[in-house]
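Note sheet for the following structure.
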Amino acid sequence: MSALRRLGVRGLVALALSLCALSCANPTGHTVPGAVCGTRIDPALTRALLPSTNDLHEFTRVDRTAAITAPCVLLSGREPALQFRFSWDGTSPDLMYLAADNGTVSRVNQPQKAAFAPMAITGTDGAIATTPCKTRGGRYFTLTLQLPQVRLGDRGRRADIEAFMRAYFPATVATLGCGT
């Protein structure tokens, strides 16, 4: 009987350890969302840009139907991990001017022409893209992505930024109901 009890206790301990391993492998708040700021995106592309997956949540003022320029931020805890600016305007913006702006709204360091869209730039810490998109907010839609955690001299993120925007920008435009 004592051998049977020991076997039962060992079984319960093994079961408890297995359940703990499963629950600890993917703790709440540590998953990368399948949609960011209302646009579905492969979590692997998003993960490549994040400094941490701890306590991910969004703050957004974006309303696609109103088409009013607004921010959306993916936060990790209290720290911004990805900052987006959804912007509608009557004219096509000068992307290099936006990137070099002295403010922080659309600034992108070391911008250069990007391959993911005809009117797009990628920097070391973000990207900006625009496209004709006739909506209530104007004739052009511009999306700015900024990675505030990237240090000024870090040039290693440009490929990840471009891969993300290659998928994210057209998927976002598809959600806007652009007319001609």
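Since every read-out is calculated from the coordinates, none of them should be taken as a lab result. Computed from a predicted model, the values in this text were never measured in an experiment.
Observations
- Over every Cα atom in the stretch 82-133, the radius of gyration and the widest Cα-Cα span, Dmax, amount to 10.4, 28 Å.
- Globularity ratio of the stretch 38-180, using Cα Rg and 2.2 N^0.38 Å: 0.98
- The C-alpha atoms of the stretch 60-101 occupy a region whose extents along the principal axes are 36, 29, 9 Å, arranged from largest to smallest.
- A cut-off of 5 Å between modelled amide H atoms, ignoring neighbours fewer than 5 places along the same chain, links residue 154 with no other residue.
- Each distinct pair of alpha carbons in the stretch 29-116 adds a 1/r term; the inverse of their mean, the Kirkwood radius, is 14.6 Å.
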